[in-house]
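For reference, the structure is listed below as structure tokens.
The values are calculated or read from the model by the stated rules, or taken from the named source; none is laboratory data. Remember, predicted model here, so these are calculated numbers, not experimental data. Ideal geometry is used to build each Cβ from the backbone, glycine not excepted, and the neighbour counts take in all protein chains shown. All accessible areas refer to the heavy atoms of the entire protein, side chains included, with ligands and DNA or RNA removed. Shrake-Rupley method; radii C 1.70, N 1.55, O 1.52, S 1.80 Å.
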Amino acid sequence: MDNIHKIILEESLAGHWDWHILANRVYLSPKLKAVFGYEEHELEDFISLWDTIIQPEDKSRLEVHLAECFKSGGKIPFNIDVRYRHKSGSTIWVNTTGRVIEWKGKKPVRMVGCHIDITQRKLDEQQAEIANETLKSAFQYSPIGMVLVSLEGRFMKVNNSICELLGYTEEELLSKTFQEITHPEDLQADLELLDKLLAGEVTTYKMEKRYFTKSGSILWIFLNVSMVVDQARKPLYFVSQIKDITDRKIAEDALRESERRWIFASEGTGGGIWDWDLRTNSVFHSDQCIRMIGFEPHEFDTVPGVWTKRVHPSDREKYVNDVQGYLRGETAMYENQHRVQCKDGSYKWILDRGKVIEYAADGSPARVIGTHTDITEQKQQEEQLRRTLNTVSGQNNRLLNFAYIVSHNLRTHSSNFKMIMDVINDPHTNEREKAEMSAHLLNVSELLNDTINNLNEVVSIQTNIDIQTSEINLRDYFEKAIGLLQNDIKRWNVDIQNNIPAHVNLVYSPAYMESIIFNLISNAIKYRSLTQRPIIIVDYIEADGKPGFSVADNGIGINLEKYGDQLFGMYKTFNGNSDAKGMGLFITKNQVEACGGNITVSSQPSQGTKFTVRLSST
């Protein structure tokens, strides 16, 4: 090969070769070896090299192509794309081209050619093919109608959806123009927009128009048109997207028809009408709507937000969210109840309702109309009803608590009386013991008298709304309960530590407090430890300005995982104690909550229990 030709090939991207066919000898240029990832010394110039690196499925194709070139005397050019194995192990595409430059009769003697790496080009072609197939699929199976239209208006390509919408077969539609199926009243507007597109004044246009279907019926569509141009910016064809909006148009017509009736009916019932045009961002309020909150029509602006600013701060966020949620299509109709500040500073409750009656070309809401109804009186009645129900519920709870106190607390007093009388009447009781019992009998009688007085007080307030309260000393009430339970305390050698400060005074129901403390202390004794001396610790607590107390013991404890959700239930017992009635904790919880407080418990089996009572602020 001439040196000048070698230089040209070496400076190009191609690697050249020189094949002496009869001598079965070949020259491979360094550039050619580099195509396959090798240095010049790594590959020897053997014709058999191709057999080792060519892809097996391409080898036979290359051999057939080479044989055709030889057989035709070189008239059929040798030019073929085949795959080779790169040094890295990857596969590369190579364009192989060559020409026989010496013949011996009809036999080729010498052939020269070059190899060009076309891997990237092949990858680009594959990606383009995939993209093209994807585009074809997206076009053909799009849920909305898609068409390609010539500059004259003839349909060049149509998808399944537009054929189904119009009732034509593909062949029938390809024989028509869009002008033929467009409603005459809409054609001129469409053509004017098309002229602007062709003139470069716009890059796309949208409009609502009507088509005639094959059956002759009218189909309302939303049309979106763009234009495809060549590299010289010369128009080639139009791409149109077509969405059926017939149902929406029918609904809009029906809504407009009913709008006048609705406004007339609403005005007649004393309600107010508002009309929000989102295109001009203006709001109309009827005279009734404005006068409802004490203004005259000339005093109220039509700018959106004037009404919103008068909405009560506690209601404003929900009011705005409900409006925006409806406009986003999250609800079928807008409805909200909120308070609005009147001219005199007072608030009225308003029932606000609305519905979209017009849509923009892109399908977004364009106009919303609604009503304002004054429901202040209704809200006041609802509030009064709520208060009445709360009053009845509270009275029922207090009546139930009263019955529980009578049955629970008096039973304890009667048991103490019976036990003392049994001891006194026992022939084995000496005079000293009788005297001691008589003194204790007097103490129990005084405690019973206090309880009866408190119960009488509860009876006298059952018809009142509020629970009768007075100032009490918390430590004294614990001492009263300890005194009442003195027999059990001595009997079981209970160590009670009353850590309530002497100065803690609370405003509370005396009857409720006596019952709450008694139940908690008596429970701690009843479910005492059987293996160690019973200990009960009473502490005063205060959190967030609210007083309270805790009663902790080292007793048998409660399995809260098993019984936690039943602990404060009526007639619920868990530890097999024959004296348990399942009422104490139920009573206690009701009494605490009736006074605005709460009670919680922490416990582990065999490790004791701690009840914490948090009272309402004093």
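Summary value for the chain: 6 percent relative contact order, contacts being C-alpha pairs under 8 angstrom separated by 6+ residues. Grouping the Cα pair distances of the range 57-115 into 10 Å bins from zero gives a pair-distance distribution of 22, 47, 23, 7, 0 percent in increasing distance order.
Taking all Cα pairs closer than 8 Å and separated by 6 or more residues, the relative contact order of the range 99-191 comes to 15 percent.
Normalising the average separation of contacting C-alpha pairs (under 8 angstrom, six or more residues apart) by the number of residues puts the relative contact order of the range 467-614 at 23 percent. Ignoring aspartates and glutamates fewer than eight residues from Lys589 along the same chain, the ones with Cα atoms less than 15 angstrom from its Cα are Glu514, Asp565.
Relative to its Kirkwood radius, the Cα radius of gyration of the range 268-375 gives an Rg/Rh of 0.95. The region of the chain that goes longest without hitting one of the chymotrypsin sites (Phe, Trp or Tyr not before Pro) in a DSSP loop, each with at most 11 other Cβ atoms within 10 Å, is 142-570. Here's the picture: a label point sits 7 Å out from the Cα of Gln381 along the beta-carbon direction, and within the range 351-375 the residues with their amide nitrogen under 13 Å of it are 375.
Summing Lys, Arg as +1 and Asp, Glu as -1, what charge do residues with Cβ under 14 Å from the Cβ of Asn321 carry, Asn321 excluded? Neighbourhood net charge equals -3. To the nearest ten degrees, helix 119-140 and the longest principal axis of the Cα atoms of the chain are 60 degrees apart. Summing Lys and Arg as +1 and Asp and Glu as -1 over all other residues whose Cβ lies under 12 Å from the Cβ of Ser90 gives a net charge of +2.
Beyond 27 Å between alpha-carbons counts as too far, so tell me which of Lys75/Lys104; Lys318/Lys546; Lys176/Lys206; Lys214/Lys243 fall in that bin. As for pairs spanning more than 27 Å Cα to Cα, those are Lys318/Lys546. Accessible area of the chain with a 1.4 Å probe: how many percent of it is carbon plus sulfur? Roughly 52 percent, rounded to a whole number. Using a 7 Å offset from the Cα along the Cα-to-Cβ direction at both Glu102 and Ala131, what is the distance between the two label points in nm, to one decimal? So the two model labels end up 4.8 nm from each other. Pairs spanning more than 27 Å between alpha-carbon atoms, out of Lys122/Lys157; Lys249/Lys355; Lys59/Lys87: Lys122/Lys157. According to the Kirkwood relation over distinct C-alpha pairs, the hydrodynamic radius of the range 467-614 is 15.6 Å.
In a DSSP loop and with at most 14 other Cβ atoms within 10 Å, the GluC sites (Glu not before Pro) in the range 316-365 are Glu330. Close amide-amide hydrogen proximity is noted between Ile21 and Arg110, Met111, each under 5 Å apart and 5 or more residues distant or on a separate chain (H modeled in the peptide plane; Pro and chain starts excluded). For the range 134-241, the per residue solvent-accessible surface stands at 55 Å², with DNA, RNA and ligands left out and a 1.4 Å probe. The slack between Ala23 and Lys87, meaning 0.36 nm per residue of separation minus the straight C-alpha distance, is 20.3 nm. Find how many whole Å separate the alpha carbon centroid of the range 54-78 from the alpha carbon centroid of the range 353-391. Between the Cα centres of the range 353-391 and the range 54-78 lies a distance of 84 Å. Each principal axis of the Cα atoms in the chain has its own extent, and those three values, largest first, are 156, 79, 43 angstrom.
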